[in-house]
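K.L.:
Before we start, here is the structure in question, set down as structure tokens.
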Amino acid sequence: MPRVISVEIERFPIAGSFTISRGSKTEAEVVTCTIREGGNAGRGECVPYRHYGETSAGVAAAIEAARASLSAGMTRVELLQAMTAGAARNAVDCALWDLEAKASGISVAERLGSVPRRLETAYTLSLAAPETMAAQARANSARPLLKVKLGGGKDDIDRIRAVRAAAPQSRLVLDANEGWSEDDIAANMAVAAALGVSLIEQPLPAGQDEILGRIDRPVPICADESVHEAGDLDRLAGLYDAVNIKLDKAGGLTAALALHKRAREMGFGVMVGCMVGTSLAMAPALLLAQDADYVDLDGPLLLTRDREPGLAYEGSLVSPPFPALWG
């Protein structure tokens, strides 16, 4: 019996707005792929990212282009060659993992040899004026790990100081989203070090990574936009201390597992992150993140409403997915 493939573009409102150095948005627009075979259905969700030239329509079209091969039984291994890394392949790959679990009765966690546990996720503070970010930090100061969006020019040092003062007990990860330059990175990092920041994520634009080899790095640096797949790691060795693995960048859980394995072999720390999406997008990433040094899977916490059923969040702790959601 051939598989039946369906693709849907869905929108979930964000609580307020979500702002990074490249702009703001008020909703999460996601693409969901469902693959049905017999009486079973597997689902995968992705978040197209315009920074990488992706749109919801383009991602949906890419999945449609693979319909015939998927219907005929294309495997996850074959998918790695049939589609390029990115959001479209992520949705399909995760749908195939989910379908395999539903059809076999063997959960994805079991296939991975994992007994998943609750994880502590970062909570993201949106880029804003220093006093606004201080208010965000104060409201979330009981959370153990805050991710601070930066990259807004000369006010970043004031933002770092304001957030630290408002949340003195929280560990801080700074995420500049490529917003710093060779001119300001040293000063920004010095302040971050003085204030006990734990990690700085992608301070410089991808393609300018070599600058990190010429400066002191008093705070560990994590690559995000500079790393998508395992093949990117060799050129980042000696420049970054950690890598942020996102399923939408890697093109699915299958490729993300390979990236994770290679990163550990090379001595990189690992963060598992996300775009702003629903619990369906977070579920496979939670299994990938079981041994991560940093977990940033707070997408549903930033939404006005999540998908039902969704993941169970208790403060900053998130529980593994139930089969009714994924896996």
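K.L.:
Please go through the range 210-241 and pick out each residue that is outside any loop (DSSP other than H, G, I, E, B) and open to solvent by less than 10 Å² (accessible area, probe 1.4 Å).
P.N.:
Passing the criteria: Ile211, Leu212, Ile221, Cys222, Ala223, Leu236.
K.L.:
Of the residues that sit in the range 81-110 and are charged (D, E, K, R) and either open to solvent by less than 40 Å² (accessible area, probe 1.4 Å) or under 22 Å from the mean Cα position of the chain (by Cα) (or both), which one is farthest from Thr55 (Cα to Cα)?
P.N.:
Per the stated criteria, the residue is Asp98.
K.L.:
Here's something else I'd like to know. Go through the range 8-26 and give me each residue that's under 17 Å from Ala88 (Cβ atoms) and open to solvent by 40 Å² or more (accessible area, probe 1.4 Å).
P.N.:
The answer is Glu8, Ile9.
K.L.:
Which residue out of Arg171, Arg159 is surrounded by fewer than 21 Cβ atoms within 10 Å (Cβ to Cβ), within 17 Å of Glu201 (Cα to Cα) and under 24 Å from the mean Cα position of the chain (by Cα)?
P.N.:
Every option except Arg171 fails the conditions.
K.L.:
Being within 18 Å of the chain's Cα centre (by Cα), in a strand (DSSP E or B) and surrounded by fewer than 20 Cβ atoms within 10 Å (Cβ to Cβ) is the filter here; which residues of the range 27-57 pass it?
P.N.:
Glu27, Glu29
K.L.:
Same structure again: Does the range 119-129 include one or more residues that are under 30 Å from Asp158 (Cα atoms), within 22 Å of the chain's Cα centre (by Cα) and acidic (Asp, Glu)?
P.N.:
Scanning the range 119-129, I find at least one residue that is under 30 Å from Asp158 (Cα atoms), within 22 Å of the chain's Cα centre (by Cα) and acidic (Asp, Glu), so the answer is yes.
K.L.:
Six or more apart or on different chains, Cβ atoms under 9 Å: show the pairs whose first residue is in the range 52-79 and closer than 14 Å to Val4 by Cβ and basic (Lys, Arg) and whose second is open to solvent by 20 Å² or more (accessible area, probe 1.4 Å) and not in a loop (DSSP other than H, G, I, E, B).
P.N.:
Hits for this filter: Arg67/Val7.
K.L.:
In addition: Looking only at residues in the range 266-284 that are among the hydrophobic types (A, V, I, L, M, F, W, C) and more than 13 Å from Pro300 (Cα to Cα), which one is most open to solvent (accessible area, probe 1.4 Å)?
P.N.:
Met266
K.L.:
Could you check the range 243-265 and list, in sequence order, the residues that are in contact with a strand residue (DSSP E or B) (Cβ under 9 Å, 6 or more places away or on another chain), open to solvent by 10 Å² or more (accessible area, probe 1.4 Å) and more than 18 Å from Asp93 (Cβ to Cβ)?
P.N.:
Hit for the range 243-265 is Arg264, nothing else.
K.L.:
Would it be correct to say that Gly310 is open to solvent by less than 40 Å² (accessible area, probe 1.4 Å), among the small types (Gly, Ala, Ser) and in a loop (DSSP other than H, G, I, E, B)?
P.N.:
In short, yes.
K.L.:
Which count do you get for residues in the range 174-185 that are within 17 Å of the chain's Cα centre (by Cα) and either among the small types (Gly, Ala, Ser) or surrounded by fewer than 23 Cβ atoms within 10 Å (Cβ to Cβ) (or both)?
P.N.:
3
K.L.:
Give, as residue ranges, the helices (runs of 4 or more DSSP H) completely inside the range 67-123 that count at least 3 residues that are closer than 30 Å to Leu145 by Cα and in contact with a helix residue (DSSP H, G or I) (Cβ under 6 Å, 6 or more places away or on another chain).
P.N.:
Helices (runs of 4 or more DSSP H) meeting the threshold: 87-104.
K.L.:
Here is a follow-up. What number of residues within the range 1-26 are under 25 Å from Ala128 (Cα atoms), out of contact with any Asp or Glu (no Cβ under 7 Å at 6 or more places or on another chain) and in a strand (DSSP E or B)?
P.N.:
10
K.L.:
Could you tell me which of the residues Val197, Val148, Val173 is in a loop (DSSP other than H, G, I, E, B), of a type in the set (A, V, I, L, M, F, W, C), closer than 17 Å to Pro220 by Cα and in contact with a Leu (Cβ under 9 Å, 6 or more places away or on another chain)?
P.N.:
Selected residue: Val197, the only one of Val197, Val148, Val173 that is in a loop (DSSP other than H, G, I, E, B), of a type in the set (A, V, I, L, M, F, W, C), closer than 17 Å to Pro220 by Cα and in contact with a Leu (Cβ under 9 Å, 6 or more places away or on another chain).
K.L.:
Could you please tell me which pairs satisfy a Cβ distance under 7 Å, a separation of 6+ or placement on different chains, a first residue in the range 95-106 that is over 15 Å from Cys33 (Cα atoms) and basic (Lys, Arg), and a second residue that is outside any helix (DSSP H, G or I) and open to solvent by 10 Å² or more (accessible area, probe 1.4 Å)?
P.N.:
Lys102/Asn40; Lys102/Ala41
K.L.:
Is there a residue in the range 254-271 that is in contact with a helix residue (DSSP H, G or I) (Cβ under 6 Å, 6 or more places away or on another chain), part of a loop (DSSP other than H, G, I, E, B) and touching a residue at least 60 places away in the same chain (Cβ under 8 Å)?
P.N.:
No, the conditions are met nowhere in the range 254-271.
The values are calculated or read from the model by the stated rules, or taken from the named source; none is laboratory data. Because the structure is predicted, anything quoted here is derived from the model rather than measured. Methodologically, a virtual Cβ is constructed for each residue, glycine included, from the backbone with ideal geometry; neighbour enumeration extends over all protein chains shown. In case anyone asks, the SASA skips ligands and DNA or RNA and just uses the protein heavy atoms, side chains included. Shrake-Rupley method; radii C 1.70, N 1.55, O 1.52, S 1.80 Å.
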